[in-house]
Each structure stands twice: as structure tokens, then as C-alpha cells.
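Let me begin by presenting the structure, written as C-alpha cells, before commenting on it.
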Amino acid sequence: VSFLIAKITAICPISLLRRVSDLLRWQYKDPSFNLPWKLHTLPIFSTSSPLYHTLQKPPPLTPEEELDLELAHRRLQKLCQKCVQENVPLLIDAEYTSLQPAIDYFTYSSAIKHNRDGNPIVYGTVQAYLKDAKERLFMASKAAEKLGVPMGFKLVRGAYMSSETESASSLGYDSPIHNSIDETHACYNDCAGFLLERIANGNDAVVFATHNIDSGKLAACRARNLGIHKGNRRLEFAQLYGMSEALSFGLRNAGFQVSKYLPYGPVDMVMPYLLRRAEENRGLLSTSNIDRVLMW
């Protein structure tokens, strides 16, 4: 097992994640707003982050909500401690922008606690289709460096394009997602370049979770040009089991660390996840012809 991926929505009620995200957004708007339960974390928002989900000052967490938050935190710490014990990185998956601030809060507060001695155990996920992705990545990485905390990131494009756009439009705001697929590709590649330079300088770690052959080739070429050893465990590629096999085998044959991601869980939870991945990659399905030829 090269790494473990967990969804915070499996260990914390979605309603509570939404409440915590609202409170974090309001504190970003008003730094004097006190959150007594808040742990030390890295920057969660940038000046371009969507804040339209929270238009009014939210009420504080009830005692019951604070207890549920503490229980969710304990569940995550149990996972983190097991991963530290086994030296297996824990990648925290991303969600909708309405929930993401709380997920980043869980991720970064855990990373500060468990990422030690140059060994990033807890990884956050950056969704490159968001307009604020690059700025938030830069801020979190630089803040972690100042604290002496080694950070790991999983870089993805994103899987909630339709719902995010519809949600923003219903509230009268622009979509938080890039206006074109080319802008998303550019953001992904910019973030990849930034992280590869960090790795070359002995900082951070990354899992490039992509089914895009061009992005895979570009990242591999940049890694080579930066002198990053192909067996470097801080650089890994990943594709879903059963998807983009040509990319996976091509990268592996070139000497890079590659994983095939195998979702595990109840059928009614896993199938919607896989359907979102299929939707996310519907523009890349033409590569299935390449896969068939190369597999044959």
C-alpha cells in the first residue's frame, strides 16, 4: 500500500462540516470573530476564495456540535496515528466548496501535529479547477515551511463542476471554477510545476492524481529537468484502477512511482464516487482507444 485516502465526510456529519465551514469563512471576513474550538492550522482562504456560501454571521456551535466535532477529530487522529505507525501517507480527499474549508481545517491541523522530521504523513487535496487553487496552494505550502512542517498534496482537477456552477448561479455569483478546460489544465500544470520545484529543493511531496496523458508527460519531463530522481518517494502518480492504464504503465516503465487507486466501501457510497470520476473524465474518454491499442 503506497498511501491511504480518506473522506472526511465518512467521519464527520456533512451538516457539521457545513457549519464549521460557515464559521471559518466568517472569521476570515471578520478576524475578531472568536472560534474557541479552533486548533492551529494553515491558511485556508485566499483573496479569490468563494465566500458567498456564508452571507450572514452564523451562530456559534452548540455544545452538541462541539462534541461531534471533537469526536470527528478523534476519529481522524486515530487514522493519522495508525498511518504514522505504519509510515503510510494519509491523503484527505476534497469535496464541494461549501464543505472544503472545514476539510482543509481538519487536514492542516492534523498535518501540523503529525508531519514531522521531514516526513509528510497527512496530505491535503488541491482541486485545480477552482480559480483560487494556485493561490491557496502557495499560501499553505509557504506557511507550512515557516512552521517547519513538511507538507504533502494530492493534485486533482476536480469532480463537482456542474453542481458548483449551479450553486453559485443560484446565489447570483460567478462560478468558482475556471471558465474553460484550458484554464483548468494551465492551473493544474502551474501547481504541478510549483510542487516539483519544491520537491527538488527538499520541500513538500505530491501525488499527481490525473488521467490526463499530457499532464503526466509534462510532470515527468519537469521532474527529469529538475533532477528529481525517479524513485523519489515524494513524487508519485496515481490513476483509478481500470482507468488510463496506458498512462500508468508508461510512467511506471519510465521508472516513476505509480499507484492504482482502489475505492473501498459500501456499494451505495462507492458507485456515486465512481460515477463522478467518469463525469470528471468524460472529455478524456477518447484515450480509451489508446488504452485498448496499447493493452493489445
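The values are calculated or read from the model by the stated rules, or taken from the named source; none is laboratory data. Predicted, not measured: the structure shown is a model, and the values here were computed from it. Cβ coordinates were reconstructed from backbone atoms using ideal geometry, including for glycine residues, and neighbour counts include every protein chain displayed. Surface areas here come from the heavy atoms of the whole protein model, side chains and all, with no ligands, DNA or RNA. Shrake-Rupley method; radii C 1.70, N 1.55, O 1.52, S 1.80 Å.
Are there helices (runs of 4 or more DSSP H) fully within the stretch 76-187 with at least 2 residues that are among the basic types (Lys, Arg), within 25 Å of ARG277 (Cβ to Cβ) and touching a residue at least 60 places away in the same chain (Cβ under 8 Å)? List them.
Ranges flagged: 133-147.
If GLY148 meets every condition in (1) within 19 Å of the chain's Cα centre (by Cα); (2) of a type outside the set (S, T, N, Q); (3) open to solvent by 40 Å² or more (accessible area, probe 1.4 Å); (4) within 30 Å of ARG116 (Cα to Cα) apart from one, which number is that one?
Looking at each condition in turn, GLY148 falls short on (1).
It is to be established whether one or more residues within the stretch 49-72 are touching a strand residue (DSSP E or B) at 6+ places or on another chain (Cβ under 9 Å) and open to solvent by 10 Å² or more (accessible area, probe 1.4 Å).
The answer is yes, given that some residue of the stretch 49-72 is touching a strand residue (DSSP E or B) at 6+ places or on another chain (Cβ under 9 Å) and open to solvent by 10 Å² or more (accessible area, probe 1.4 Å).
Would you confirm whether any residue within the stretch 116-131 is out of contact with any helix residue (DSSP H, G or I) (no Cβ under 9 Å at 6 or more places or on another chain), of a type outside the set (Gly, Ala, Ser) and open to solvent by 10 Å² or more (accessible area, probe 1.4 Å)?
Within the stretch 116-131, one or more residues are out of contact with any helix residue (DSSP H, G or I) (no Cβ under 9 Å at 6 or more places or on another chain), of a type outside the set (Gly, Ala, Ser) and open to solvent by 10 Å² or more (accessible area, probe 1.4 Å).
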